[in-house]
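Below is one structure; the comments refer to it alone.
Laboratory data are not the source of any read-out in this text; all were calculated from the coordinates shown. Keep in mind that this is a model prediction, so the values were computed, not measured. Every residue, glycine as well, gets a Cβ built from its backbone with ideal geometry; the counts of neighbours run over all protein chains shown.
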Amino acid sequence: MPIKILLVDDIKETRDNVKRLLSLDEELVVIGEAADGESALRQVEKLKPDIVLMDINMPGINGIAACQMITRRFPQTKTIMMTVQGGDKYIQKAFQAGAKGYVIKPFTSKELIDTIKEVNLLLTWEPIRVNM
């Protein structure tokens, strides 16, 4: 079963380039795209992707805020941040928001594909309800 990916970046050319990289691996399929955090939230609700690849710097709801909302509302969906921002401050904020991975642009197809596959293997822990 392929890994379903939602691609979120405000620059169409970047989305197209990332799609091209992902098409090199038959285990990955891009099921949707969004240009900002608000439309990403709608797409996650509608498409139920396994992975959201999301840029940090976007107009409106930025990637960090959108990641936090996705993590709260859709815990089964894992977010990987893609950005040119390589500083520790950005990485820390991304992980605090619930990101499960982080890739710094420009990245190779191998770096991106390996990160997606590693993050997809992470377990998503759900609360367990015990009736007493």
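Tabulated values for the structure
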item: Normalised contact order of region 3-121, rounded percent, pairs of Cα under 8 Å and 6 or more residues apart; result: 24
item: Amide H within-cut-off set for Met82, under 5 Å, with H built and near neighbours excluded; result: Met54, Asp55, Ile56, Val103
item: Helix axis angle, 109-121 relative to the chain longest principal axis, alpha carbon, degrees; result: 10
item: Using alpha-carbon coordinates, inclination of helix 12-22 to the longest axis of the chain, degrees; result: 70
item: Neighbour-limited loop hits for GluC sites (Glu not before Pro), region 1-73 (at most 14 other Cβ within 10 Å; DSSP other than H, G, I, E, B); result: Glu26, Glu27
item: Cross-link partners of Lys48 among lysines (Cα-Cα below 26 Å; sequence separation of 8 or more within a chain); result: Lys4, Lys12, Lys19, Lys78, Lys93, Lys100, Lys105, Lys110, Lys117
item: Point-charge dipole on Cβ atoms (K/R +1, D/E -1) for the chain, about Cα centre, debye to 20; result: 380
item: Charge dipole of the chain about the Cα centre (unit charges at C-beta), most positive-ward option of Gly98, Leu7, Val52; result: Gly98
item: Residues whose placed amide H lies under 5 Å from that of Glu33, excluding near-sequence neighbours; result: Leu7
item: Alpha-carbon Rg with Dmax, taken over the chain, Å; result: 14.2, 55
item: Region 1-70 shape via C-alpha gyration tensor axes, a/c threshold 1.5; result: oblate
item: Mean ellipticity per residue at 222 nm, deg cm²/dmol - from DSSP H runs of n ≥ 4 across the chain, formula -39500 (n - 2.57); result: -12500 deg cm²/dmol
item: Over region 1-67, relative contact order from alpha-carbon pairs under 8 Å, at least 6 apart, %; result: 41
item: Residue-by-residue Karplus 3J(HN,Hα) for region 70-85, coefficients 6.51, -1.76, 1.60, Hz, glycine and proline x; result: 5, 4, 5, 7, 9, x, 6, 8, 9, 10, 10, 8, 10, 6, 8, 7
item: Packing-based exposure ordering (other Cβ within 10 Å, fewest first) of Met1, Met82; result: Met1, Met82
